[in-house]
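The values are calculated or read from the model by the stated rules, or taken from the named source; none is laboratory data. Source: prediction; values computed, not measured. Reconstructed Cβ throughout: ideal geometry from the backbone, glycine too, with neighbour counts over all protein chains shown.
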Amino acid sequence: MPIVRMCRGLYLIEGSTLHIMSPACHPRTTSPNGLAQRRLWLGVLARTPRHTLEAAISALDPAPAWRRLRGPETGMIMVRGRLGGDGAPFNLGEMTVTRCSVTLPCGTIGHAYVAGRDLRRAELAALCDGLLQTSLFALLKAALIEPEQRRQAAQREERLRRSAATRVDFQTLVRMG
């Protein structure tokens, strides 16, 4: 049955049941840099492990309610690359992704695309995206996004450090020969 938003988002009628929404579910006002900020947290959520998402959601009191709009469903996407980062684009290969869309009782919609086939992880990431668009933004940003962003940056630096140790300077080889 469709959900109808009533009275500026304060009440929802679903079938014959009246739901009074929690204050935490009210959508927050968007800032001018809201799109860039959302891109950032969607990227972080897409790379966040399932157990971290589950811990962040279970720490919320009261537990959030949501309904699936689409999925979660698994499919394939074509990954494109560029030679040298700025050359002509080419098809690198296909990659498995899982997507999901959820709606909160206040009507806020969350979306997520994650690499791989973890259906639950995609649903939790979509739920976090939806919650980050509400008044829970500051809480989730401090408890989930910022720590995960630091962890991912440290992981990226470690990968770069390990790969830099194997780098070969071809200019040196030319001079030696």
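Table for the structure above
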| quantity | calculated |
| --- | --- |
| Selection from segment 129-171 of residues that are among the charged types (D, E, K, R), in contact (Cβ under 8 Å) with a residue 12 or more places away in the chain and outside any helix (DSSP H, G or I) | none |
| Among (1) over 15 Å from Leu42 (Cβ atoms); (2) part of a helix (DSSP H, G or I), the one test that Ala126 misses | (1) |
| The listed residue being among the charged types (D, E, K, R) and at pLDDT below 90, out of Arg162, Arg151, Arg175 | Arg175 |
